[in-house]
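See below for the structure under consideration.
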Amino acid sequence: SDAICNFVICNDSSLRSQPIIFNPDFFVEKLRHEKPEVFTELVVSNITRLIDLPGAELAQLMGEEDPKLPGANSTASGFFRSLISLKRKEKGVVFGSPLTEEGIAQVSQLIEYLHKNLRAEGLFRVPGNSIRQQILKDALNSGTDIDLDSGEFHSNDVATLLKMFLGELPEPLLTHKHFHAHLKIADLTLFDEKGNKTSTPDKERQIEALQLLFLILPAPNRSLLKLLLDLLYQTAKKQDKNKMSAHNLALMFAPHILWPRNVTANDLQENITKLNNGVTFMIKHSQKLFKAPVYIRECARLHYLGSRAHTSKDDLDLLTSSGSKELQPLKSQKRSRLDSCHQEETQQRTEEALKELFHHVHNMPDSAKKKKLIRQFNKHPAALTPGSDVPTSPAPRRARSRSFSGLIKRKVLGTPVILERKSRDTTPEPVRVSKENVQLLQKCGSPAHMSQAKLKSLEGQKEGSCRRMRARLLSKDSSSL
């Protein structure tokens, strides 16, 4: 849907209060007019993604080769084609001339009148009066103003004249270059679970292919096609009154807007059903066919914003999926940054507290409590003990002396004795934190938030136990002496 721009830069004060309708296909039209080669390559690359066009048909679609149409080399229908061409020798300003914007402006009067008279039974099927049609045709060719509401002309006269105008164009409204592409679009069907084609039409792909194909139509053809399909769509909606369904209308207009010129029904043979069904589909879905696909809009927008334009829908989907993190709102980005900073800060405090605790245990005098704590550090299977500054390779183990002199020697020299578990491996294991040590930390409080008072009290308790142990050892040594 069109969006309304609230911000307007305008020097005319009388126009500033009026809303400006923003066309969502603005960048698409801009790219079409300023860089037609880039635009055509972008659209055709996506068309070939949907339908299979061999080299010759692709060259015809691109205008690099003359279109090869059915019946072009046949001599059986040459007589009928010559009769048809004789009828079109007389060319006026509008009828029989190449399509122009001026001709569309004249014919749009007929379309506007028919929009007001859609209830006439047999509209576009019942022929009008030939004399009134010739008068109306001469007036359109001369460019004079016509008052169709005066009651001089009947709606069947106007409807028949509109078909006549389309039939006398040098080439069909959908052009000869697009003929083979329309046949391929009619063959687009769904696939079953095993990947085999079914007979069910793939409507989504057909709509997408027609949207792309209409984008590379000449501008006058696209403008008149939109006016015509809108008229036929509204006519089909009134079929309870005019008895003209979308299929009936397609039978009336397919020879004029899609069939190649100077061919007969015998030349088309089995393709007639495809062509008629294709026009029926266009009438039913006309309200969707003149909007550029979303990925074409995005490619055109990125082209003018200086970004790298992707040339297919798959590339655009890949861009969207890979750049989803970059398109997050600013608030969520700030929140994620704050959360990560908070986690890093908490982890850092925890590591510092564990490091301090490890140093404290490491500097404790040799005792059973120290052995137990170190064993708890060694039992943890996941993380290393914090503090990389502590030497990882233990000092050579010394034979512990139970004598009083040995105790005095260790206290005086301050030689640390590092206890380690007995292992058959020659390589020392790194000191690790165990689950029991974590439980010990929880008893003492969270390491990240442990106060100095708690640490001192814990240290005092451990020193008291060490004093009691030394006193016990001294009493044993003295009794042995």
(request) Filter the cross-link list 35/291; 177/237; 30/163; 197/274; 163/203 down to pairs whose alpha-carbon distance in this structure exceeds 21 Å. (result) 177/237; 30/163; 163/203
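With r defined as the distance between the Cβ atoms of residue 145 and residue 125 and R0 fixed at 25 Å, what FRET efficiency is calculated, to the nearest 0.05? Mind showing how you got there, number by number?
On the way: r = 29 Å, r/R0 = 1.16.
It comes out at approximately 0.30.
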(request) Find how much the distance from residue 152 to residue 189 grows on full extension, using 0.36 nm per residue of separation minus their present alpha carbon separation; answer in nm with one decimal. (result) 8.5 nm
(message) Can you give me the long-range amide H partners of residue 189? Hydrogens built in the peptide plane at 1.01 Å from N, cutoff under 5 Å, separation of 5 or more residues or another chain.
(response) 202
(message) Take residue 176 and residue 105, extend 7 Å from each Cα along the Cα→Cβ direction, and tell me the distance between the two endpoints in nm.
(response) 3.0
(message) Multiplying the sequence separation of residue 197 and residue 371 by 0.36 nm and subtracting their Cα-Cα distance, what value in nm do you get?
(response) 55.1 nm
(message) With every protein chain kept in place and ligands, DNA and RNA left out, what is the accessible area per residue of region 230-302? Probe 1.4 Å, answer in Å².
(response) 42
(message) What distance in nm separates the two pseudo spin-label positions at residue 287 and residue 26, each 7 Å out from Cα along the beta-carbon direction?
(response) 2.6
(request) Using only the alpha-carbon atoms of region 93-170, report the extent along each of the three principal axes, biggest first, to the nearest angstrom. (result) 32, 24, 23
(message) Quick check: residue separation of residue 138 and residue 56 times 0.36 nm, minus the Cα distance between them. What number comes out in nm?
(response) 25.4 nm
(message) Check which residues have an amide H placed less than 5 Å from residue 97's amide H, if you skip close sequence neighbours.
(response) 92
(request) Would you please give the FRET efficiency between residue 349 and residue 272, computed as 1/(1 + (r/R0)^6) with r the Cβ-Cβ distance and R0 = 56 Å, to the nearest 0.05? (result) 0.10
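Placing unit charges on C-beta atoms (Lys and Arg positive, Asp and Glu negative, everything else neutral), compute the dipole magnitude of region 208-292 about its Cα centre in debye, rounded to 20. Write down the numbers at each step before the final one.
Values: 11 positive and 5 negative charges, 72 e Å.
For this selection, approximately 340 debye.
The values are calculated or read from the model by the stated rules, or taken from the named source; none is laboratory data. Computed from a predicted structure; not experimentally measured. Every residue, glycine among them, receives a Cβ derived from its backbone with ideal geometry; neighbour counts consider all protein chains shown. With ligands, DNA and RNA removed, areas are computed over all heavy atoms of the protein, side chains included. Shrake-Rupley method; radii C 1.70, N 1.55, O 1.52, S 1.80 Å.
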